[in-house]
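Novice: Could you have a look at this structure, given as structure tokens, before my questions?
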Amino acid sequence: TGESLRMVGTMTDLSSIKLMKRELSIYEEMIKQNQTAILLTDLGGHIEFMNETAGELLGYHEAETLYHQLNMFDTEKSPFSEMLAEGVRQSGGWSDEVLLKIAGTREIETHITASLLRDEHDEPYGIVINIKDISERITLARSIAQLEKEKMATELNHQRKFTEMMIQVQENEKIKLAKELHDGIGQMLNLTKLHVETAQTNNSKTLPHDLNRIKELLVQTLR
């Protein structure tokens with residue numbers, strides 16, 4: 001007759017679902033606002049998500065990269081996508097410094113960390129990629145290396161000049177000593193010669209004295 005007799009119903013606890021949705025929204029917001037560039041891809045390397053920081057760093061809007069492959073960032077020197085795929089496939093994670101091609105013709109030095117995303121059954125379903133711009137650090141390191149090289153060259157040049165100066169001082173000292181030796185011995189020999197000539201002209205009584213004096217002069221000269 002269409003009259004109500006009783007009420008039958010079911011009750012479902014939605015607390016866990018609401019909590020999970022809340023956590024997911026928090027994670028999504030954290031990823032969006034994260035200062036690190038973050039990309040999410042499927043296992044084939046197709047881009048499924050990119051936060052704002054990644055867009056600013058790489059020079060693309062999310063719509064421009066959606067479902068594109070990571071090889072759009074490869075350079076001739078650095079096949080980034082191949083390196084990442086190999087690293088993740090072998091160990092489930094990968095980290096390295098990589099040169100990336102960004103929008104236009106620019107290239108930047110980056111440090112990249114990638115790891116597999118797994119579901120509740122521990123099955124991989126995607127890859128999360130963190131990208132950090134280290135161009136300034138690399139440039140600074142190269143500048144420091146260049147300064148160290150220049151400093152070393154300057155120190156070597158100073159050392160060379162100091163060594164040359166020391167050698168010159170030694171040579172000058174040798175020349176001075178040689179001159180002193182030469183002049184001193186010459187004077188002694190001249191004096192000895194004079195005594196010999198004197199002895200020749202003196203009488204025989206003074207000869208022993210003259211010979212002793214000549215002997216003393218020769219001993220001094222030898223010494």
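The values are calculated or read from the model by the stated rules, or taken from the named source; none is laboratory data. Since the model is a prediction, treat every value here as computed from it, not as a measurement. Neighbour counts run over all protein chains shown; Cβ positions are idealised from the backbone, glycine included. SASA here: full protein model, heavy atoms, side chains in, ligands and nucleic acids out. Shrake-Rupley method; radii C 1.70, N 1.55, O 1.52, S 1.80 Å.
Novice: Give me the residue from the range 103-136 that is assigned to a loop (DSSP other than H, G, I, E, B) and at pLDDT 85 or above and, out of that set, least open to solvent (accessible area, probe 1.4 Å).
Specialist: Quick first cut of the range 103-136, residues assigned to a loop (DSSP other than H, G, I, E, B) only: 103-106, 119-123, 134.
Among the residues that remain, those that are also at pLDDT 85 or above are: 123, 134.
Values: Glu123: 106, Ile134: 7 Å².
For the range 103-136, the residue satisfying everything is Ile134.
Novice: Are any residues in the range 68-102 part of a helix (DSSP H, G or I), at pLDDT 85 or above and hydroxyl-bearing (Ser, Thr, Tyr), and if so, which ones?
Specialist: Within the range 68-102, just Ser81 meets the criteria.
Novice: Does Ser81 satisfy the condition of being in contact with a strand residue (DSSP E or B) (Cβ under 6 Å, 6 or more places away or on another chain) and open to solvent by less than 80 Å² (accessible area, probe 1.4 Å)?
Specialist: no
Novice: Moving on. Give me a count of the residues in the range 46-69 that are free of Cβ contacts under 8 Å to residues at least 40 places away in the same chain, open to solvent by less than 80 Å² (accessible area, probe 1.4 Å) and under 17 Å from Gly126 (Cβ atoms). I'd like the intermediate steps shown before the answer.
Specialist: Taking the range 46-69 and keeping what is free of Cβ contacts under 8 Å to residues at least 40 places away in the same chain, we get 46-47, 49-53, 55-56, 61-69.
Those left that are additionally open to solvent by less than 80 Å² (accessible area, probe 1.4 Å): 46-47, 49-51, 53, 55, 62, 65-66, 69.
From what's left, under 17 Å from Gly126 (Cβ atoms): 46-47, 49-51, 62, 65-66, 69.
Number of matching residues: 9.
Novice: Could you tell me which numbered condition Ile185 fails, if it satisfies all but one of (1) of a type outside the set (Gly, Ala, Ser); (2) modelled with pLDDT of 85 or more; (3) surrounded by 12 or more Cβ atoms within 10 Å (Cβ to Cβ)?
Specialist: With (1) of a type outside the set (Gly, Ala, Ser); (2) modelled with pLDDT of 85 or more; (3) surrounded by 12 or more Cβ atoms within 10 Å (Cβ to Cβ) applied to Ile185, the lone miss is (2).
Novice: Something else: Only one residue in Met30, Met11, Met7 is of a type outside the set (Gly, Ala, Ser), open to solvent by 60 Å² or more (accessible area, probe 1.4 Å), over 25 Å from the mean Cα position of the chain (by Cα) and modelled with pLDDT under 80, so which one is that? First the steps, then the outcome.
Specialist: On the way: Met11 fails: modelled with pLDDT under 80; Met7 fails: modelled with pLDDT under 80.
When all the criteria are applied, what remains is Met30.
Novice: Working only within the range 197-212, note down all residues that are open to solvent by less than 80 Å² (accessible area, probe 1.4 Å) and either among the hydrophobic types (A, V, I, L, M, F, W, C) or in a helix (DSSP H, G or I) (or both). Working first, answer last.
Specialist: At the first step, the residues of the range 197-212 found to be open to solvent by less than 80 Å² (accessible area, probe 1.4 Å) are 197-199, 202, 206-208, 210.
If the condition is that a residue be open to solvent by less than 80 Å² (accessible area, probe 1.4 Å) and either among the hydrophobic types (A, V, I, L, M, F, W, C) or in a helix (DSSP H, G or I) (or both), then Glu197, Thr198, Ala199, Thr206, Leu207, Pro208, Asp210 are the ones that fit.
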